1. Ranked highest first by average number of other Cβ atoms within 10 Å, how do 81-93, 41-53 line up?
2. Would you list which lysines come within 29 Å of K112, measuring only between C-alpha atoms, while excluding same-chain residues fewer than 8 positions from it?
3. Hydropathy first: keep DSSP H helices in the chain averaging at least 0.0 on Kyte-Doolittle, then drop any whose Cα extent along the axis falls short of 24 Å, and list what survives.
4. Which shape class applies to the stretch 116-269: rounded if a/c is under 1.5, otherwise prolate when a/b exceeds b/c and oblate if not, where a ≥ b ≥ c are the square roots of the Cα gyration tensor eigenvalues?
5. As an exercise, identify the GluC sites (Glu not before Pro) in the stretch 123-224 lying in DSSP coil whose Cβ has no more than 12 other Cβ atoms within 10 Å.
6. Classify the stretch 203-263 as rounded, prolate or oblate, taking a ≥ b ≥ c as the square roots of the eigenvalues of its Cα gyration tensor: rounded when a/c is under 1.5, otherwise prolate if a/b is larger than b/c and oblate if not.
7. Using a 10 angstrom cutoff on alpha carbons, build the Gaussian network for the chain and name the most mobile of L239, L104, L204.
8. As a test of the formula, what do you get for the chain when each DSSP H run with n ≥ 4 contributes -39,500 (n - 2.57) and the sum is divided by the residue count, at 222 nm and rounded to the nearest 500 deg cm²/dmol?
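Derivation of every value follows stated rules applied to the coordinates shown; laboratory data play no part. This is a predicted model, so every value here is computed, not measured. Every residue, glycine as well, gets a Cβ built from its backbone with ideal geometry; the counts of neighbours run over all protein chains shown.
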Amino acid sequence: MGFAHSLAAKMPDLRDKLRSAGIHKKPPEFVDESLKNGFMMALMFSILSIFIILKNNLPIALVIVVFIISFAIFFSLMLKRLDVAITRREREIDRDVLFAGRFLLVKLNSGKPLINALFEASESYGVAGEYFREIVEDIKLGTPLEEALEKAYRTTPSRKFKKILFQINNALKIGVDVSQPLEAILEEISQEQLIEIQRYGKKLNSIIMFYLLAAIVVPSLGITLFSIVASMLSLKIDLPVFFMILFFLMIVQLVFIGMIKGIRPNLNV
């Protein structure tokens with residue numbers, strides 16, 4: 001753990017990244033776990049490389065080089081999974097951030113203080129509710145409200161949720177009613193989502209037209225013409241040929257499904 005502590009100390013942003021990813025571990029614990037996983041994977045890879053080295057009559061000392069390089073690669077990959085978790089959580093927060101913000105706004109408009117509204121928002125469903133829960137936990141531990149909001153603003157991976165927290169914290173510092181700037185930023189986020197839906201509709205129309213052409217019209221006409229030409233030339237068409245065509249069409253279908261999922265806006269409507 002001593003080496004893990006010294007290595008974690010050289011990563012000052014690791015604590016905020018762990019909080020952003022929703023990983024409840026201390027930086028030395030995460031680094032130590034990554035070191036152990038990287039070591040085990042590098043060890044297994046090095047053991048496999050021994051057979052290749054011996055088979056090709058290469059110097060056995062290459063195993064050490066393979067271990068060092070593979071350990072560095074696997075350790076980097078263990079750290080990179082943190083960025084993957086942050087990206088995934090960002091998408092999850094963006095999916096329901098508008099609902100969480102409106103829930104908070106309803107509570108404020110009903111006359112409840114901000115601190116009470118945050119406590120009730122922390123009990124709501126979704127990843128955004130989890131971030132409100134973290135704010136509430138910091139407040140319970142004695143952190144001032146403004147500081148807790150600033151900490152959440154710094155660690156949240158969602159740009160939209162950052163806007164909400166910034167407006168709330170800014171209104172508190174200025175001393176104005178929180179509900180008005182919050183309502184304004186929620187309306188802005190709602191307009192952004194509407195624009196995303198409109199862009200998605202335009203992209204979807206183009207992809208569907210291309211899909212109809214490339215995945216339905218061309219294969220149907222192509223197979224028909226191929227069958228006619230083959231019968232005229234007395235070509236023998238084996239069953240594996242049709243299976244290859246079917247496999248190709250399945251690949252095309254999966255590619256288009258992936259494209260449609262990839263451009264779909266990250267909204268929860």
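1. 81-93, 41-53
2. K140, K151, K160, K162, K163, K173
3. 27-55, 62-109, 239-263
4. prolate
5. Here the sparse-neighbourhood loop sites are E123.
6. Oblate is the answer for the stretch 203-263, as a/c is 1.5 or above yet b/c matches or exceeds a/b.
7. Highest fluctuation among the options: L239.
8. -27500 deg cm²/dmol
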